[in-house]
1. Hey, rough spin-label estimate for ALA368 and TRP237, points 7 angstrom out along Cα→Cβ, what's it come to in nanometres?
2. Using only Cα atoms, locate the centre of segment 467-536 and the centre of segment 366-385, then give the distance between them in Å, rounded to an integer.
3. What FRET efficiency would be calculated for the residue pair LEU311, LYS550, taking the C-beta separation as r and a Förster radius of 35 Å, to the nearest 0.05?
4. Run the quick spin-label model on GLU507 and TYR480: label points 7 Å from Cα toward the beta carbon, then report their separation in nm to one decimal.
5. Once both labels are modelled 7 Å past Cα along the beta-carbon direction, what's the TRP173-PHE494 spacing in nm?
6. How much length would be gained if the chain were fully extended between GLU60 and LEU19, taking 0.36 nm per residue of separation minus their Cα-Cα distance, in nm to one decimal?
Amino acid sequence: MSGDVQLERNITRREHQILLDVDEFATRYDLGHIRELLKKAALIAHNPSDLARTEGLNQEEIAILSGKDGEYRHGRCTPFQSQIVNSMMLIYLAAAVYGMAHFSAWTYISLDQWYSAPNTLESVTFNAPHIGSALVGCWCTVPLNRAVGRRGAIFTAMGLIILTSIAGSLELWPVANLIQRFCLGVSFGLLECTIPVYCVETSPDHQRGRVTGAWQMGSLFGQVLVVTLMLVVPVSWIYLSISICAGAICVGCWFVPESPRWLVCKGQMLAAFDSLRYFRPTGLLAARDLYLFHIRSETTGVAQSQRAPLLHLFTNPRASRATLAAVSVIVPRSLSGYHMAMATQNLKGTDYDTTIAWLFVTLGYTLALFTSMFTVVLAADRASRRKLLLWTILPMACVMGFYPIGWGFAAQQTIGIAAKAILIVMYNIGQVPLSVYVAESFPIQYRDYGMAFTISMYHGSFAAMRVAMPNLVYWPHFRYTFAVCNLIAFILAFFLMRETKNLALEEVPLAFEAPTRNLILYRLSVEIPYFFRRHVLRQNVQFLPFEDSKYGGGAIVLDTE
């Protein structure tokens, strides 16, 4: 009995200290009008497993907090049944506009120019979107996000899409075409570095994969819409429709709240609470998440360095490990052969070079992706990010060994269609966990620089690959180059990618606490032997998680389920 009394006293003393901390927090940030709500939310945050002890909770709040509604704790609902996803439909429409503009950017190039560049100007014009993204667009996100926030960056990108789409509908001389496509690439870089970050920072931790991965479906929807329009209307009309949609997003993005985590880092706690109130079903959940953001930010030191220089991506241990992991998994994507799959049927000399047939095949591919991508988005919060990505890379490497380079669809038609379909589907499935992983890996003070560097490296490597393509495409063993690149991507992801699924966003940097050398040694000495003994020798062996091994060093890593 005395032990129970002592435990009760300890709990009471701890709750008293929590309430004092909440009073100080509310006073410092002028949150007096929600002081009582914050106190209740803080008690819930510190003891979520014993909701019955918290005073003032009604049955509806207890049901939500305990996960009885099937959404908030366990995430057992489809993306379109989720409150947070429904609240972010405008952001997904912005992703659809991005997909429309991204796909239509290639309509400037005639079908016989995918693998040939008659002169330097035309080659640079072809790659201008990737060059603009790598050199300007990605890096503009750093000052824009810090000055005007995530919404301001999206507004700027949509403004550029309006201007470039109107220009694209006109007959321009070659230099003007180059400028138009370069500016379009700038808008791509802005959106690719901002939309995933906005989704990651806005979503609850248990729905982060689903909410962020859904922006890839929005982009895919935009591509399908453009392909459909290309079958019935001129290209100039498509550009005008893109500009109209982008104009609607420019107006609508200001009706969506700013990222609450961005506001917390700026010290705007009241605005952050209002933003969370928009994305959460009750004020109690909004207050709880606000308090958790504040506590985790102080615990992990997020608020210490808001103006982190670019060099810290390579000198700060956690940031450098996150940079290495992100770059090592995203750069090989440009060398996977996906973009070749979307265009090899357009080679000269094949009997599959009609525009209408190409459009119908592309439409069929993009429509087929919806089923697979929808399934992966559903699984994004249940399956490991690392496992999802690894399972998509190996089929791509195998497919490239049978890829019909230069065959067309007359010869080996079945193999050609199957190879292209598998490659395209696997690539886009892998984009879902990859976009989530890259956006969530960096600490918030390095997130803008980290995203800019990673996405710019991707676009730069793709532009370099495209420049080299005309000289390599008719090499007999050309396809094996992409197969080897996919194998290298698999090895890099296997050894360097760290699991982040089960961590809160502010706790993700803890996954990069252990040195990379320790992680590689763990893969070699523990994970590979376990896989061999468990799945090859069929032995009943126990898996040793990374954090429990001698290599872990106390880091919180690796989902072992």
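Read the figures in this text as sums done on the coordinates, not as results from a lab. Fair warning: this is a prediction, and the values are worked out from it, not measured in the lab. Here the Cβ is made from the backbone with ideal geometry for all residues, glycine too, and neighbour counts use every protein chain on show.
1. 2.9
2. 21
3. Using R0 = 35 Å, I get an efficiency of 0.60.
4. Distance between label points: 4.8 nm.
5. Distance between label points: 5.6 nm.
6. Using 0.36 nm per residue and subtracting the Cα-Cα distance, I get 12.4 nm.
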